[in-house]
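Colleague: Quick one: structure below, then a few questions.
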Amino acid sequence: MDLSIIIVSYNSKAFLQDCLESLLKTKDDLEKEIILVDNHSQDDSASFVRAGFPQVKVIENEVNYGFARANNIGAQVASGEYLLFLNPDTSVRETALKEIIGFMRQKPEAGAVGAKLLNSDGSLQLSCREFYTLRTILSSRTLLRRWPRQAQYLRRNLMVDWDHKESRKVDWVLGACLLTTRRIMEKIGYFDEGYLLYFEDMDLCYRLKKAGYGVYYCPSAEVYHHYQRGSAGRFSRKTIWHIKSAIRFFNKFGWRL
């Protein structure tokens, strides 16, 4: 098996048809499988996929284990040499899988590759970053983001001001579409299950870097990510998860300003 595509779903039924149909329409010669890990959805996501997409392997968790553990569950049953972790609110371009696999095959030092993410309207979605510091969190989650100096810092951290038509080595890529290999994950470890949500992708990329691998951005692999981001300054339950995950990350790898 060339490729295992692992999708973690939580009440994602509204997106799954477009996501799965796009994967089944890709133009490539890859032998691949699709694994859906459902985190105890309440919208019948799992039964919907079983009925409409019998070729998809469905795993139903009895509770919501979070993004990291659910991805690990999928990875443990995957048969592919390559593992693609893909969000359910995505749809891939016809050649995206061929492009991202081909790119990684040409980069023997690559530990992970991220696709070029696009918003629903086709505009660029920033998907590769510099590693976060405490300053990043404070600048993005507080009123400090309004200060010109901090705003410029965030632009650099989000890698806004470079040509996203070019491939390059980066610090980390979003887990919405992240490709790696079984061999590499067995070597450095899978996703850290201590994260419920957020930071698990950066944590993985940080460990890849420490192990001597490169993390790359591949612009020729285009993937729509139908994600609506809330206001960074608005306090919510997700803000609490983000803060908890940040504390875990910095406790593991060191607090940096």
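Only the coordinates and a few stated rules stand behind these numbers; no lab work does. Only a predicted model underlies this, so the values are computations on that prediction, with no experimental measurement involved.
Colleague: Calculated from the structure, log10 I(q)/I(0) by the Debye sum over Cα atoms at q = 0.13, 0.16 Å⁻¹ equals which of (1) -0.83, -1.29; (2) -0.85, -1.17; (3) -1.20, -1.36?
Modeller: (1)
Colleague: If you average the sequence gap of Cα pairs under 8 Å that are 6 or more apart and divide by the length of the chain, what percent do you get for the contact order?
Modeller: The normalised contact order for the chain reaches 24 percent.
Colleague: I've got another one for you. Counting only helical runs of four or more DSSP H residues, what would the 222 nm mean residue ellipticity of the chain come to if each run contributes -39,500 (n - 2.57) and the total is spread over all its residues?
Modeller: Computed mean residue ellipticity for the chain: -11000 deg cm²/dmol.
Colleague: Just to confirm the number: angle between the C-alpha axis of helix 13-24 and the first principal axis of the chain, 0 to 90 degrees, nearest 10?
Modeller: 70 degrees
Colleague: While we're looking at this one, here's another question. Compare D161, D89, D203 in a GNM of the chain, Cα atoms joined below 10 Å, and give the one with the largest fluctuation.
Modeller: Top of the fluctuation ranking is D161.
Colleague: Also: Looking only at D44, D121, D171, which one moves most when the chain is put into a Gaussian network model with springs between Cα atoms under 10 Å?
Modeller: The residue that fluctuates most here is D121.
Colleague: In whole Å, what three semi-axes, largest first, describe the equivalent ellipsoid of the range 87-190 built from its Cα gyration tensor (square root of 5 times each eigenvalue)?
Modeller: They are 28, 18, 13 Å, listed largest first.
Colleague: Can I ask one more? Roughly what angle does helix 67-77 make with the longest principal axis of the chain, taking Cα atoms, 0 to 90 degrees, to the nearest 10?
Modeller: On a 0 to 90 degree scale, this one is about 30.
Colleague: To continue, here is another question. With springs only between Cα atoms under 10 Å apart, run a GNM on the chain and tell me which of E222, E166, E33 wobbles the most.
Modeller: E166
Colleague: Which lysines does K107 reach when only Cα atoms under 16 Å apart count, and residues fewer than 8 places away in its own chain are ignored?
Modeller: Straight-line reach from K107, under 16 Å: K98, K169, K209.
Colleague: Let me ask you something else. P(r) for the range 33-96, please, calculated from all Cα pair distances in 5 Å bins and given in %.
Modeller: 3, 15, 27, 28, 19, 6, 1, 0
Colleague: I want the antiparallel fraction of DSSP beta bridges within the chain, as a percent rounded to 5.
Modeller: That works out to approximately 40 percent antiparallel.
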